[in-house]
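The values are calculated or read from the model by the stated rules, or taken from the named source; none is laboratory data. This one's a predicted model, so the numbers in the text were calculated from it and none came from an experiment. Every residue, glycine among them, receives a Cβ derived from its backbone with ideal geometry; neighbour counts consider all protein chains shown. Areas reflect the complete protein model, heavy atoms only, side chains present, ligands, DNA and RNA absent. Shrake-Rupley method; radii C 1.70, N 1.55, O 1.52, S 1.80 Å.
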Amino acid sequence: MEVIHSLRTHHGASDRAYKASFQEEDYKGNTGVALAKDLIAVAGMSLREHIKILAPRVLPLSQLGLYVYSVICSALSGSKSKPIVPDFTKAFDHFCIHTGGKAVIEQVERVLRLGDELTEPTRMTLHRFGNTSSSLVFYELRILRLRGGSGKEIGCGCWRLGQISRLEVLSARQFRI
């Protein structure tokens with residue numbers, strides 16, 4: 001396994017992100033983690049900001065051109081149409097998504113317009129191992145290796161996308177899985 005690119009974005013300067021999950025004591029003195037009601041929204045915002053930085057580094061020019069064109073059309077139409085979401089399957093053949101829960105997987109799948117076939121290793125990892133934080137991508141890579149990939153040849157590009165709490169989003173692009 002060889003990592004070609006990696007990117008880490010940190011959102012701790014945002015009060016909303018900082019307070020989305022917080023370790024504190026309850027009234028009985030037990031230490032636990034409190035989750036804010038807008039945790040998924042904060043995670044989505046963090047992911048969007050991360051993708052804005054990542055996309056120009058990994059997407060082919062054809063996808064970047066389509067995106068720029070859609071942004072211009074959106075601006076000229078007075079925001080009546082939204083810019084397109086670039087097709088990340090043009091840059092990656094396999095996706096290892098943070099398995100923070102079924103809602104997280106579905107949200108990433110919906111926003112990035114990924115099919116069930118591409119998110120199946122993530123769902124299998126969640127079902128088999130649960131939310132194991134950042135180490136989950138290695139479980140997903142193992143499932144990809146055992147499955148023989150997503151109908152594509154092993155050795156193609158893989159996007160490992162992890163989210164640590166609400167503050168950081170991590171990406172790695174690798175080959176030879």
*Residue, surrounded by the fewest Cβ atoms within 10 Å (Cβ to Cβ), within segment 19-35, restricted to residues that are free of Cβ contacts under 8 Å to residues at least 24 places away in the same chain and of a type in the set (A, V, I, L, M, F, W, C)*: 33
*Take the residues in segment 93-152 that are of a type in the set (Phe, Trp, Tyr) and either modelled with pLDDT under 80 or assigned to a helix (DSSP H, G or I) (or both), then tell me which one is most open to solvent (accessible area, probe 1.4 Å).*
138
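Take residue 161 and decide whether it is open to solvent by less than 30 Å² (accessible area, probe 1.4 Å), at pLDDT 65 or above and in a strand (DSSP E or B).
Values: open to solvent by less than 30 Å² (accessible area, probe 1.4 Å): yes; at pLDDT 65 or above: yes; in a strand (DSSP E or B): yes.
Yes, satisfied.
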*What residue, among those in segment 53-86 that are in contact with a Lys or Arg (Cβ under 9 Å, 6 or more places away or on another chain) and more than 22 Å from residue 6 (Cβ to Cβ), is most open to solvent (accessible area, probe 1.4 Å)?*
62
*Those residues of segment 41-95 which are without any contact (Cβ under 8 Å) to a residue 40 or more places away in the chain and polar (S, T, N, Q), in sequence order*: 62, 63, 70, 74, 77, 79, 81, 89
*Complete set of residues in segment 45-98 that are of a type in the set (Lys, Arg) and farther than 28 Å from residue 123 by Cα*: 80, 82
